[in-house]
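Quick note: the coordinates plus some simple rules give every number you see, no bench work behind them. Predicted model, so just to flag it, every value in this text is computed and none were measured. Quick reminder, even Gly has a Cβ in these numbers, built from the backbone with ideal geometry, and neighbours come from all protein chains shown.
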Amino acid sequence: MSAQEGKLLSDFLLAPAPLRDFMTLRQFTEIFPKGHRTNPAVQDLYRELQRLREKDIDLVRRAIAEEITRSKRLRREYASERRQLDDATVAGLDPNALRMEEEVHSIPINS
């Protein structure tokens, strides 16, 4: 995964995620019946929801970073395998023939 893909994931999954970005305290308060809107617990609930949301956002941020790291490792492994196959082909050996040759030489011969 390139840095561009990491940015795309971050923009898509993280940018609109904080609670304050899509719901203000006033909007949240208006969800409750009129008799409960002035209750201090409503503001506490909003703050707790913000905290939980930030925690989830942090988990997603870490997962994106881990995915980028894993993707880089997989690309390196793939490139290494590709170079090995290309080297075998450049040397005039078919990759399948090379593999069969390796298998034949690794089997002990019983006399």
Query raised in the report: Which one is nearest to the chain's Cα centre (by Cα), of the residues in region 1-58 that are among the acidic types (Asp, Glu) and closer than 30 Å to LYS72 by Cα?
Result: GLU5
Query raised in the report: Pick from region 33-61 the residues that are under 17 Å from PRO16 (Cα atoms) and of a type in the set (Lys, Arg): which of them is surrounded by the fewest Cβ atoms within 10 Å (Cβ to Cβ)?
Result: LYS55
